[in-house]
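The block underneath contains the structure these notes are about, expressed in C-alpha cells.
The values are calculated or read from the model by the stated rules, or taken from the named source; none is laboratory data. Predicted model only: the values in this text are computed from it and were never measured. Every residue, glycine as well, gets a Cβ built from its backbone with ideal geometry; the counts of neighbours run over all protein chains shown. For accessibility, only protein heavy atoms count, side chains too; no ligands or nucleic acids. Shrake-Rupley method; radii C 1.70, N 1.55, O 1.52, S 1.80 Å.
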Amino acid sequence: MAETSANTETPVDAPADEVSSTSAKCCMFNLSNCDSRFVDLVYWRDIKKSGVCFASTFVLLCLLSYFSLLLVLTYAALLGLTVSGATYVYKKTMQAVQKSGDGHPFKECLSKPMTTPGERAEKAAMMLVEHVNPIATRVRSLFLVEHLVDTVKFGVVLWVMTYLFYWFNGYVLLLIHWVLLFSVPKIYETHKAKIDCCLEKANVKAKEVVAQVREKIPIGKKTAEAKKQK
C-alpha cells in the first residue's frame, strides 16, 4: 500500500516542477541587473514616488507630442526663472522687513561646486561603452547577413516600424512605451502564473513552427557541413 501511495503521489508533484521551470523560462521582466530604485518605481513600491515620476514624464511627453522641443524647453526655463525670481524677491523682502543679514537667498546652492568628478565621468563612459559595443556588433551582424533568419526578422521589424512611424510620431510612441513600462510589469507580477503558462504554450508552438520551416528550408545546414569538413 505504501508503494502504491508513493506512485500515485509522483504524478501530482510533476506538474508543480513543470510550472516552476516554466516560470523560470518565461520570465519576461528580468530586472535583476537594474537599479533597485528603478525597479521600485516600475513596480509601484512607493505609490507617491512612482506617481510623481510617471505623471511628470507623462505630462512632458504629452506636451512634446503637441509642441516642439525647443518651445517646451523655453517655457520650462521661463517657468523656472519665474519661480526662482519670485523666491529671490520674497526672501529679500522678508530680510528687509526683519532687518536680518542672511545675504543671498541661494547662497547655499551657489556655493556648491558644479564640476563632475573625473572618476564618475570615466565610470559613466565605461558603462556607455559596455552597452554600445554589443549593440554595434549586433547591428553589424544583422546588416551584413551573418544569420539569414535573424536578418529577415530584423527586416520585418523595420517594415512594421515604417507603419508605426507613419501613424505616430516619436513622442507618441515614447508616451505609449512609458505607460506600458509602468503598467505591464505590475500586471505581470500580479498574474505571473497564468501569463507564464500562456507564454510557455506559445513558445512551444513557435519552436514547432520554426522546426518545420527549417526542415523544409535547410538554412544554415550547408555552412555547418562545410565547417565540419574543414
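Report the accessible area of V132, computed with a 1.4 Å probe over the heavy atoms of all protein chains in place, in Å² rounded to the nearest 10.
Estimated to the nearest 10 Å², V132 gives 70 Å².
With the cut-off at 1.5 for a/c, could you classify the stretch 61-171 from its C-alpha gyration tensor as rounded, prolate or oblate?
It is oblate, given that a/c is not under 1.5 and a/b is not larger than b/c.
Rounded to the nearest Å, what's the spacing between the alpha carbon centres of the stretch 88-158 and the stretch 169-202? Just the number, please.
Each part's Cα centre sits 26 Å from the other's.
Near P185, within a Cβ-to-Cβ distance under 13 Å, what is the net charge of the other residues, with Lys and Arg +1 and Asp and Glu -1? Please report the intermediate quantities before stating the final value.
Details: positive: R45, K186, K192; negative: D40, E189.
Cβ neighbours under 13 Å give a net charge of +1.
Could you tell me which of the pairs K48/K123; K48/K112; K91/K112; K48/K194; K49/K107; K48/K186 are separated by over 24 angstrom between their Cα atoms in the structure shown?
Correct reply: K48/K123; K48/K112; K48/K194; K49/K107.
Would you mind putting 36-45, 76-85 in packing order, based on average other-beta-carbon counts within 10 Å, highest first?
Sorting 36-45, 76-85 by mean packing, highest first, produces 36-45, 76-85.
Just subtract the alpha-carbon distance of S100 and V83 from 0.36 nm times their residue separation and send over the number in nm, one decimal.
On the way: separation 17, 0.36 × 17 = 6.12 nm, distance 2.26 nm.
Taking 0.36 nm per residue and subtracting the Cα distance, the gain is 3.9 nm.
Run the 1.4 Å probe and let me know the accessible area of I195, rounded to the nearest 10 Å².
Accessible surface of I195 is approximately 50 Å².
Can you bin the stretch 98-224 into rounded, prolate or oblate? Criterion: square roots of the alpha carbon gyration tensor eigenvalues sorted a ≥ b ≥ c, rounded for a/c under 1.5, prolate for a/b above b/c, oblate for the rest.
The shape class here is prolate.
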